[in-house]
């Protein structure tokens, strides 16, 4: 046991003096991706996205999404900037990037770099058949705020094949949801809910 411990210490010292020390997700709290920073006002990046066309999400109305302009960033074919509509109005909650290079090779290069920078991912969030390969890293700061980073490669037509990165401030996302639900509850109390009178209008003809 003592011999094994000594070997581990020696290996760590070698890493330090060689200039490479494996980073763990808990050692850092990234908030910036490709020059976009979570928490910034989205208008700061109006030249990079179609802010005038931003709309609330149909399944997440507490957030709006502005599409990134094609070729606004070298190598990036698209993506979006996601920002709050309630508690942190107009402040970035998420960043999504999609690359011109759709190859598995680019994905593998990014994955190796992420592991070197942040350590092994926390969870696998792709599918079992590897049509969508996705790994998630989770980061927490001293204020217990959480950021999630997902690196994905897809060959599924439903997911738009290629390589993508998504970084989300999970704490702010939850705060936006809670704020929206509280406001929605107040609205419901002010307006009486209507009921379906007949199923006929909802049957496709």
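Filtering 112, 130, 105, 174 for residues that are assigned to a loop (DSSP other than H, G, I, E, B) and without any contact (Cβ under 8 Å) to a residue 24 or more places away in the chain leaves a single hit, 130. Scan the range 192-204 and tell me whether some residue there is surrounded by 15 or more Cβ atoms within 10 Å (Cβ to Cβ) and not in a helix (DSSP H, G or I). Scanning the range 192-204, I find no residue that is surrounded by 15 or more Cβ atoms within 10 Å (Cβ to Cβ) and not in a helix (DSSP H, G or I), so the answer is no. Could you look through the range 141-171, keep only residues that are part of a loop (DSSP other than H, G, I, E, B) and closer than 11 Å to residue 98 by Cα, and pick out the one that is modelled with the lowest pLDDT? Within the range 141-171, the match that is modelled with the lowest pLDDT is 160. Selection within the range 51-61: residues that are assigned to a loop (DSSP other than H, G, I, E, B) and over 16 Å from the mean Cα position of the chain (by Cα). The member of this set that is farthest from residue 173 (Cα to Cα) is 54. Just to be sure, is residue 83 farther than 21 Å from residue 143 by Cβ, surrounded by 13 or more Cβ atoms within 10 Å (Cβ to Cβ), at pLDDT 95 or above and touching a helix residue (DSSP H, G or I) at 6+ places or on another chain (Cβ under 7 Å)? No; evaluated as a whole, the condition is false for this residue. Can you spot a residue in the range 159-171 that is surrounded by fewer than 13 Cβ atoms within 10 Å (Cβ to Cβ) and free of Cβ contacts under 8 Å to residues at least 24 places away in the same chain? Checking the range 159-171: not a single residue is surrounded by fewer than 13 Cβ atoms within 10 Å (Cβ to Cβ) and free of Cβ contacts under 8 Å to residues at least 24 places away in the same chain. Residue-level check: of (1) at pLDDT 95 or above; (2) under 23 Å from residue 134 (Cα atoms); (3) touching a strand residue (DSSP E or B) at 6+ places or on another chain (Cβ under 9 Å), residue 52 misses just (2). Whenever a residue of the range 34-52 is at positive phi, its partners that are part of a loop (DSSP other than H, G, I, E, B) and surrounded by 14 or more Cβ atoms within 10 Å (Cβ to Cβ), lying with C-beta atoms within less than 6 angstrom and at least six residues away or across chains, give the pairs 34/73.
The values are calculated or read from the model by the stated rules, or taken from the named source; none is laboratory data. Only a predicted model underlies this, so the values are computations on that prediction, with no experimental measurement involved. In this analysis, Cβ positions are derived from the backbone assuming ideal geometry, glycine residues included, and neighbour counts consider all displayed protein chains.
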